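FYI, it's all coordinate maths here, none of it is from the lab. Note that the structure is predicted; figures quoted are calculated from it, not measured. Positions of Cβ are backbone-derived with ideal geometry, glycine not excepted, and every protein chain shown enters the neighbour counts.
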Amino acid sequence: MSRRARSRRLRRWWRRLPRLARWAAVVTIAVLFSFPLYWVLVTAFNSHGGVYSLPPRFVPSFHTGAFLDVLGHTDWARYMLNTAFVAGTTVALVIATSAMAGYALAELSFKGSGFFFALVLAVIMLPAQALLIPQYAVALHLHLLNSYTVQIVPFAASTFGVILFRQFFKGLPRAYWEAARLEGVGHLRYIWRVALPLARPAVVTVALLTFITSWNQFQWPLIMTSSHSVQPIEVALGHYMQTFEANWRKLTSAVLLALAPIVVLFLLLQRHIVAGVAGRDSGVNA
């Protein structure tokens with residue numbers, strides 16, 4: 001049986017289930033996936049004795065002492081600013097490079113465009129770990145170690161962003177470009193003034209996913225940086241794992257502080273992510 005046939009069969013089976021059974025299945029899966037995060041929340045707000053109490057307490061006690069310790073006795077604000085700067089700059093560069101590359105592959109006719117698009121797709125299949133040693137050597141010879149630059153420039157282009165923008169731009173009516181050309185608008189101005197505003201779901205999707213990826217970077221900055229003045233939040237969490245080895249309240253408090261910006265952004269922009277991935281409001285063409 002093919003994958004498509006199995007998928008259709010699974011959908012038919014799902015529709016035959018009673019509504020109550022479907023809701024029960026959805027709620028059960030949601031609880032299973034969200035419980036680890038909830039337990040982190042309970043541990044962070046628990047009292048020192050409550051963390052090790054038996055039976056365990058499943059309701060937060062709302063003790064904020066661990067959060068105040070993390071914020072007051074560490075360079076947490078510095079790590080947060082470093083991460084926000086790196087993630088924000090990376091997002092801006094990815095939007096610019098992905099939009100221009102996606103537009104070129106979607107709208108411009110030039111020899112070898114299909115070959116270049118195949119190269120972009122091939123990058124996805126290349127494991128990042130295979131390039132760590134040569135990339136470290138390049139950064140070393142260019143004197144980029146222990147800097148913001150080494151954390152931003154290698155991630156200034158996104159394969160996913162190029163593909164998504166290409167799909168959105170292919171769905172834009174050609175009449176828009178024809179009307180813009182009659183007004184004397186060039187390609188770059190057309191991208192920023194017409195194409196990007198129409199591709200807002202793609203912009204939001206690429207921006208948020210890039211932000212999350214950059215915010216969660218650990219391996220790359222751990223290898224490329226050694227100075228606390230430029231290291232991001234995930235590396236700081238690694239340091240806290242050693243400093244607060246047995247203090248689960250402080251560890252989970254630090255985790256929640258690092259996770260909070262991503263959760264807030266996702267909750268605010270999740271509607272745009274669904275629209276961007278599904279290709280709604282864009283007329284996406286394959």
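When N counts the residues of the chain, how does its alpha-carbon radius of gyration compare numerically with 2.2 N^0.38 Å, as a ratio?
My calculation over the Cα atoms of the chain gives 1.24.
Which whole-Hz couplings ³J(HN,Hα) result when phi for each residue of region 87-95 is put into the Karplus expression 6.51 cos²θ - 1.76 cosθ + 1.60, θ = phi - 60°, listed in order with x for Gly and Pro?
5, x, 5, 4, 4, 4, 5, 5, 4
Cα gyration tensor of region 180-247, axes a ≥ b ≥ c as square roots of the eigenvalues: rounded (a/c below 1.5), prolate (a/b > b/c) or oblate?
Prolate shape, in that a/c is at least 1.5 and a/b is the bigger ratio.
Compute the longest continuous run of the chain that contains no exposed GluC sites (Glu not before Pro); treat a site as exposed when its DSSP state is not H, G, I, E or B and it has at most 16 other Cβ atoms within 10 Å.
Details: sites that count: Glu183, Glu245.
My reading of the result: 1-182 is the longest stretch.
How high is the relative contact order of the chain, in percent, counting Cα pairs under 8 Å that sit 6 or more residues apart? Walk me through the numbers before you get to the answer.
Details: 264 pairs, mean separation 82.4, N = 286.
Once normalised by length, the contact order is 29 percent.
Once both labels are modelled 7 Å past Cα along the beta-carbon direction, what's the Ile124-Leu142 spacing in nm?
Here the modelled spin labels are 2.6 nm apart.
List the chymotrypsin sites (Phe, Trp or Tyr not before Pro) in region 176-260 that DSSP assigns to loop (not H, G, I, E or B) and whose Cβ has at most 16 other Cβ atoms within 10 Å. Which are they? Don't skip to the end; give the middle numbers.
Values: sites: Tyr176, Trp177, Tyr190, Trp192, Phe211, Trp215, Phe218, Tyr240, Phe244, Trp248; in loops: Phe218, Phe244.
For chymotrypsin sites (Phe, Trp or Tyr not before Pro) across region 176-260 that sit outside H, G, I, E and B with at most 16 neighbouring Cβ atoms in 10 Å, the list reads Phe218.
Per residue of region 190-199, in order, report the coupling 6.51 cos²θ - 1.76 cosθ + 1.60 (Karplus, θ = phi - 60°) as ³J(HN,Hα) in whole Hz, putting x for Gly and Pro.
Values, residue by residue: 5, 4, 6, 8, 10, 5, 5, x, 6, 9 Hz.
Select from Ala30, Ala122, Ala195 the residue whose mean-square fluctuation is largest in a Gaussian network model of the chain (Cα-Cα springs shorter than 10 Å).
Highest fluctuation among the options: Ala30.
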